[in-house]
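See below for the structure under consideration.
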Amino acid sequence: MIAVIQRVNKSYVEVNGEVVGEIDKGLNILLGVVKGDTEEDIKKLINKIPFLRIFEDENGKMNLSLIDINGKALVISQFTLAGNIKKGRRPSFENAEEPKRAKELYEKFIEELKKYVPVETGKFGADMKVFIENDGPVSFVINSKEL
């Protein structure tokens, strides 16, 4: 499972011109489910993401977590994170999990993250427009297989 997390001042996602998820200060999380991912991959990400100290304290040091700042998360499915660009010029998505299983794991990730912070979402499988005011910018790529 691959997550791109971005520290944001605000972020929202639209589907067909309608806002379906919106947050102020917190994390924008783009989540890609890879073939073979399990609930263990979710557990690894959940044990890391809400606790990462990537928000500034009163001294300007990255010392506070999403939980510490009472922030929110906006979770958006993004199968292209499983894309492979090693051969040719057109990405291959053979490593992306099939949609039914990917949706199950995406929804389970959200359910688990909600145990720690408020969560808004995009719409799985939809064509979405994501608006991000990245704070810093601060962005990290987290692969559950590397945790």
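With charges only on Cβ, +1 for K and R and -1 for D and E, what is the dipole size of the chain about its Cα centre, in debye, rounded to 20?
Dipole magnitude for the chain comes out near 540 debye.
Could you line up 53, 90 from fewest to most neighbouring Cβ atoms inside 10 Å?
Fewest to most other Cβ atoms nearby, the residues stand as 90, 53.
Once phi is turned into θ = phi - 60°, what whole-Hz ³J(HN,Hα) does the Karplus curve with 6.51, -1.76 and 1.60 give for every residue of segment 106-112, x standing for Gly and Pro?
Per-residue couplings from phi come out as 4, 5, 5, 4, 4, 4, 5 Hz.
Loop only per DSSP, at most 11 neighbouring Cβ atoms within 10 Å: give me the GluC sites (Glu not before Pro) in segment 1-74, ordered by residue number.
58
Whose amide H sits under 5 Å from the amide H of residue 72, counting only residues 5 or more places off or on another chain, with H placed in the peptide plane?
Under 5 Å from the amide H of residue 72 lie the amide H atoms of 26, 27, each far enough along the sequence or on another chain.
If the reach is capped at under 20 angstrom between alpha carbons, list the lysines near residue 87, excluding any in the same chain fewer than eight residues apart.
Filter leaves 35.
Mind listing the phi-derived Karplus ³J(HN,Hα) values for segment 44-52, rounded to whole Hz, using 6.51, -1.76 and 1.60 with θ = phi - 60°, and x for any glycine or proline?
Listing the rounded values in order: 4, 5, 5, 6, 10, 4, x, 9, 4 Hz.
Please find, in a Gaussian network model of the chain (springs between Cα atoms separated by less than 10 Å), the residue of 67, 46, 85 whose mean-square fluctuation is greatest.
Per the Cα network of the chain with a 10 Å cutoff, 85 tops the list.
Would you mind computing, in nm to one decimal, how far apart the modelled labels at residue 70 and residue 24 are, each placed 7 Å from Cα along Cα→Cβ?
1.0
Read-outs throughout are calculated quantities, based only on the coordinates presented, and are distinct from any laboratory measurement. The structure presented is a predicted model; accordingly, all values stated were derived computationally and were not measured. Glycine gets a Cβ as well: all are built from the backbone with ideal geometry, and neighbour counts include every protein chain shown.
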